1. Just to be sure I understand, how many residues within the range 431-480 are aliphatic (A, V, I, L, M) and touching a helix residue (DSSP H, G or I) at 6+ places or on another chain (Cβ under 8 Å)?
2. When the range 400-413 is examined, which residues are found to be surrounded by 16 or more Cβ atoms within 10 Å (Cβ to Cβ) and of a type outside the set (S, T, N, Q)?
3. Regarding the range 400-414, can at least one residue be identified that is over 25 Å from the mean Cα position of the chain (by Cα) and modelled with pLDDT under 90?
4. Can we say SER142 is open to solvent by 40 Å² or more (accessible area, probe 1.4 Å) and under 19 Å from GLY88 (Cβ atoms)?
5. Give the residues of the range 208-234 that are of a type in the set (A, V, I, L, M), surrounded by fewer than 24 Cβ atoms within 10 Å (Cβ to Cβ) and in a helix (DSSP H, G or I), sorted by residue number.
6. If ALA437 passes every condition in (1) in contact (Cβ under 8 Å) with a residue 40 or more places away in the chain; (2) touching a Lys or Arg at 6+ places or on another chain (Cβ under 9 Å); (3) of a type outside the set (S, T, N, Q); (4) buried (at least 19 other Cβ atoms within 10 Å of the Cβ) but one, which one does it miss?
7. Out of LEU164, LEU222, LEU226, I need the residue that is under 25 Å from the mean Cα position of the chain (by Cα), over 14 Å from LEU56 (Cα atoms), at pLDDT below 95 and not basic (Lys, Arg). Which one?
Amino acid sequence: MSTGLKIRTRETVAGKDCLPGDLHPVIRKILLSRGIHNADGIDLGLGRLQSPAKLLGIESAAAILCEAIKTNRKILIVGDFDTDGATGTALAVRALTAMGAQQVGFKVPNRFEFGYGLTESLVETFVPDPPDVLVTVDSGISCIAGVARARGLGCQVVVTDHHLPGEQLPDADAIVNPNVPGDTFPSKALAGVGVMFYLLIAVRSELRKNGWFNAGRQEPNLAHYLDLVALGTVADLVPLDHNNRVLISQGMARIRSGHACRGLMALLKLGKRDYRHLVASDLGFAVAPRLNAAGRLQDMSVGIRCLLSDDPVETADLAAELDELNRNRRSMQQQMQNEASDKLSAVLDELKDSHLPFSLCLHDPSWHQGIVGLVASRIKDRIHRPVVVFAPEHDGSTVLKGSARSVPGLHIRDVLAHVDAGHPSMLSAFGGHAMAAGLTMQAENLSEFTEALEHSVNLFLGGKVPSAKIITDGELTGADINLGFARELRNLGPWGQQFPEPLFEGTFEVISHRVVGGAHLKMVLRPLDAHEPVDAIAFGRLPEQLPASGAVRLLYCLDVNHFRGQQTCQLIVDHLLN
């Protein structure tokens with residue numbers, strides 16, 4: 001662990017404590033520190049969802065799709081090439097078909113051929129037979145030219161997105177995005193699949209008002225598709241406000257009961273996860289990487305078809321293809337990470353006694369543009385600075401595709417907007433969120449961009465070097481380290497962005513240890529104030545990292561381990577502190 005790491009205990013968020021009186025005191029502290037002060041905050045029933053009516057533009061969008069269904073018009077869903085986009089696309093196709101649409105197709109841009117979003121070049125491929133209605137998922141809010149070209153072809157265009165808009169909005173027939181100016185929807189953290197889910201609720205309501213389901217047509221229960229909503233929301237790392245926690249919780253309940261789509265279940269199985277004991281991290285670490293691998297290395301249409309297929313043989317084949325792509329992705333990522341680490345070491349050697357800059361840009365002509373975001377994230381975690389990693393658009397290209405990852409307190413998209421304002425001709429395109437963004441530029445501008453980024457990051461941080469901080473929920477007594485309490489914590493989830501899983505501190509006696517899986521440290525520990533031992537695992541750690549004293553101080557999560565039909569309490573070690 002870096003000696004510069006700062007550890008502090010999470011503080012209670014101000015507000016009157018109206019939580020139920022029978023809560024475990026540690027549970028109460030955890031909830032209060034995450035801004036939950038009453039029972040409503042822990043009620044994750046579907047009735048707690050925000051109303052679709054609060055989304056600006058949703059009535060116009062629903063009316064367009066309602067009319068398209070009633071008049072049998074051709075609808076094309078244009079998705080994005082990540083898991084959020086894939087699940088939103090599959091959701092739209094499944095639900096619109098269930099509502100009676102007979103001509104629903106999908107298209108997802110190949111990132112290597114068309115780049116991100118509804119580009120003009122992608123729209124040109126529709127020219128021989130353009131759709132009547134084009135609906136974007138998880139993109140479109142920055143696609144000014146693409147939307148204009150689609151409307152020029154005679155398409156009605158509905159943009160559904162959640163990304164932050166630029167100064168100009170596309171001239172679409174309808175826009176549904178909680179982050180556009182004037183929108184009053186309380187949950188600005190909806191993922192792209194969440195926006196689509198809300199639009200589909202509005203479409204069903206519009207069809208109901210038009211008597212569409214009175215002629216023997218079955219009205220679909222949209223809750224049946226919440227498995228897809230949960231997967232996309234977890235995968236996109238959006239903040240887990242109460243609304244998103246409801247969506248995820250309800251979706252995971254369906255998965256645990258075995259009612260998820262075949263593709264999701266197949267990917268869980270390949271990831272060696274038991275659907276009956278699913279937690280949100282299983283979606284994030286077992287399913288999403290396999291879907292994302294298609295978009296990073298090949299074509300996300302493979303992933304979408306996997307989520308759409310109801311044929312067991314086809315689904316198994318598609319899931320196996322995604323699994324193989326993910327293995328290839330892991331191999332490529334490891335090689336690129338090693339090379340990036342070497343470049344970082346060279347930078348550090350060159351700096352010697354000088355301070356590390358506020359930001360870091362890394363580039364190699366042999367790197368793969370589909371992997372740069374993963375590498376940027378790992379390097380960012382190592383140096384706790386915003387990092388941008390670049391790769392050529394394709395072999396020999398002079399166009400660079402960059403992926404940026406930021407640290408808490410620095411909105412990286414706003415930083416890129418500041419760079420762009422000061423250097424209008426430098427970036428060809430950029431967009432993203434607070435913690436992650438993408439950009440495109442000519443390779444000849446890399447040096448100038450590196451300097452401009454450093455200047456802007458320095459300015460945004462006020463000249464203060466960001467420090468690596470870990471916030472914990474304090475220490476547990478030995479009496480609280482047990483299976484019952486671990487279950488209580490699990491049931492408090494889902495955990496995720498801005499609703500972090502409880503992280504505890506503690507000192508333990510090391511009774512025994514061994515290496516499992518060739519790279520993970522399995523231990524039996526005993527709390528210093530208790531007699532009962534507890535199992536622990538530290539992923540990616542080896543015995544050499546244990547102190548010689550026989551006692552170790554840890555940061556850990558309390559987990560329920562399921563093995564051969566048995567449940568036990570287990571510590572998942574986040575840091576070895578000595």
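The values are calculated or read from the model by the stated rules, or taken from the named source; none is laboratory data. This one's a predicted model, so the numbers in the text were calculated from it and none came from an experiment. Quick reminder, even Gly has a Cβ in these numbers, built from the backbone with ideal geometry, and neighbours come from all protein chains shown. These accessible areas exclude ligands, DNA and RNA; they are computed on the full protein's heavy atoms, side chains included. Shrake-Rupley method; radii C 1.70, N 1.55, O 1.52, S 1.80 Å.
1. Residues of the range 431-480 aliphatic (A, V, I, L, M): 434-437, 439, 441, 443, 446, 452-453, 457, 459, 461, 465, 468, 470-471, 476, 479.
From the residues that got through so far, the ones that are touching a helix residue (DSSP H, G or I) at 6+ places or on another chain (Cβ under 8 Å) too are 434-437, 439, 441, 452-453, 457, 459, 476.
Within the range 431-480, residues that are aliphatic (A, V, I, L, M) and touching a helix residue (DSSP H, G or I) at 6+ places or on another chain (Cβ under 8 Å) number 11.
2. If we filter the range 400-413 for residues that are surrounded by 16 or more Cβ atoms within 10 Å (Cβ to Cβ), which is where we start, we get 400-407, 410-413.
Result: LEU400, LYS401, GLY402, ALA404, ARG405, VAL407, LEU410, HIS411, ILE412, ARG413.
3. Checked the range 400-414: no residue is over 25 Å from the mean Cα position of the chain (by Cα) and modelled with pLDDT under 90.
4. Working: open to solvent by 40 Å² or more (accessible area, probe 1.4 Å): yes; under 19 Å from GLY88 (Cβ atoms): yes.
Yes: the conditions hold for SER142.
5. First pass over the range 208-234, keeping only residues of a type in the set (A, V, I, L, M): 215, 222-223, 226, 228-231, 234.
If we keep only those that are surrounded by fewer than 24 Cβ atoms within 10 Å (Cβ to Cβ) as well, we get 215, 222-223.
LEU222, ALA223 - these are the residues of the range 208-234 that are of a type in the set (A, V, I, L, M), surrounded by fewer than 24 Cβ atoms within 10 Å (Cβ to Cβ) and in a helix (DSSP H, G or I).
6. Among (1) in contact (Cβ under 8 Å) with a residue 40 or more places away in the chain; (2) touching a Lys or Arg at 6+ places or on another chain (Cβ under 9 Å); (3) of a type outside the set (S, T, N, Q); (4) buried (at least 19 other Cβ atoms within 10 Å of the Cβ), the lone unmet condition for ALA437 is (1).
7. Values: LEU222 fails: at pLDDT below 95; LEU226 fails: at pLDDT below 95.
None of the others qualify; the one that does is LEU164.
Conditions (1) open to solvent by less than 30 Å² (accessible area, probe 1.4 Å); (2) assigned to a helix (DSSP H, G or I); (3) within 24 Å of PRO109 (Cβ to Cβ); (4) in contact with a Leu (Cβ under 9 Å, 6 or more places away or on another chain), marked per residue:
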site	(1), (2), (3), (4)
GLY263	yes, yes, yes, yes
LYS272	no, no, no, no
ALA286	yes, yes, no, yes
LEU291	yes, yes, yes, yes
